[in-house]
There are 2 protein chains.
Amino acid sequence: MLGPGKADLLQQIRETGSISAAGRAMGMSYKRAWSLVEEMNAAFREPLVQSARGGASGGGAQLTAMGEAVLVGYRRIEEIAAEAAGAEIAALAGFLRDMPGGK
Amino acid sequence: MLGPGKADLLQQIRETGSISAAGRAMGMSYKRAWSLVEEMNAAFREPLVQSARGGASGGGAQLTAMGEAVLVGYRRIEEIAAEAAGAEIAALAGFLRDMPGGK
């Protein structure tokens, strides 16, 4: 349904007001960012992201009320999980390669 | 690092012994499945999936020891999270559209 990548994309859209800027901030292509937004919009009962192509403002995107609720709910689950499974999460994160500039 | 989609893909690769069969079982294109495998293999200190293209067996793929460890660790985190944040996860899942044949 939703993993860390999509949650981060939602958050970047909220912060940048743009799907392409959000994707750029995460090092993904415009096409990939749009594709993930379309997946999320189709998976939930209401779209999570509302976007306007073109127009005076040159487009732009924002989270819907459902998008806000999903992002907040996801972050809350992450917090609870981090508290309950902190040791297991740290062990898994220890298997990750150190990325220059990554996380 | 890893979300539910990639974890399911790892599990399907373990079960089917094939990246393309795993992707098919999840309704994703061969290209998408390969791309996700490449992302995971690059993100971790060692590859999670080992694959052989062509050859007498026509290719095939399997999880490495690291892939097994990551999948088992991820499922354990999910279990702990489901126990600790069950109500919040159920609330979020309630926002999902009912997918015919989906989950």
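The values are calculated or read from the model by the stated rules, or taken from the named source; none is laboratory data. Bear in mind the structure is a predicted one, so any value in this text is a computation, not a measurement. In this analysis, Cβ positions are derived from the backbone assuming ideal geometry, glycine residues included, and neighbour counts consider all displayed protein chains. Just the protein is used for accessible areas: all its heavy atoms, side chains included, with ligands, DNA and RNA removed. Shrake-Rupley method; radii C 1.70, N 1.55, O 1.52, S 1.80 Å.
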message: Given a 10 angstrom Cα cut-off, can you work out which residue in B:L36, B:L71, B:L63 is the most mobile in a GNM of chain B?
response: B:L36
statement: If labels are modelled 7 Å from Cα along the Cβ direction, A:P4 lies from its partners in the other copies at nm distances, smallest first, of 1.7
message: Rounding to the nearest 10 and keeping the result within 0 to 90°, find how far the Cα-based axis of helix A:4-16 lies from the longest principal axis of chain A.
response: 50
task: Show the residues, 5+ positions off or on another chain, whose built amide H is closer than 5 Å to the amide H of A:T64.
output: A:V49, A:Q50
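Dipole size in debye (nearest 20) for chain A around its Cα centre, Lys and Arg Cβ +1, Asp and Glu Cβ -1?
On the way: 11 positive and 11 negative charges, 82 e Å.
So the magnitude is around 400 debye.
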message: Over all directions, the average projected area of the alpha-carbon convex hull for region A:4-102 comes to how many nm²?
response: 7.4
query: Closest approach to the A-B rotation axis by any Cβ of A: residue and distance in angstrom?
result: A:G3, 1
query: Out of A:G86, A:G67, A:G23, any idea which swings most in a Gaussian network model of chain A, alpha carbons joined below 10 Å?
result: A:G86
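Efficiency by 1/(1 + (r/R0)^6): what FRET value for A:T64 and B:R75, r their Cβ-Cβ distance, R0 = 35 Å, to the nearest 0.05? Mind dumping the intermediate values first?
Numbers: r = 32 Å, r/R0 = 0.91.
Step by step, r from the Cβ atoms, then E = 0.65.
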field: Average accessible surface area per residue within chain B, 1.4 Å rolling probe, Å²
entry: 54
query: Picking from B:R75, B:R24, B:R45, which is most flexible by a Gaussian network model of chain B using Cα springs under 10 Å?
result: B:R45
- line: In chain B, taking the dipole from +1 charges on Lys and Arg beta carbons and -1 charges on Asp and Glu beta carbons about the Cα centre, the listed residue (B:S51, B:A85, B:L96) farthest towards the positive end is B:S51
- line: homo-copy label distances at A:R75 (7 angstrom along Cα-Cβ), nm, one dp, ascending, are 3.2
query: Measuring from label point to label point, each 7 Å out along Cα→Cβ, what is the B:S51 to A:S51 span in nm?
result: 2.7
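Expressed in nm², what is the orientationally averaged projection area of the convex hull enclosing the Cα positions of the protein assembly as shown?
On the way: hull surface 50.4 nm².
Result: a mean projected hull area of 12.6 nm².
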field: Helix-derived mean residue ellipticity, 222 nm - over the protein assembly as shown, DSSP H n ≥ 4, -39500 (n - 2.57), to 500
entry: -19000 deg cm²/dmol
statement: Here the correct list, in nm and shortest first, of distances from A:E15 to the same site in the other copies, label points 7 Å along Cα→Cβ, is 3.6
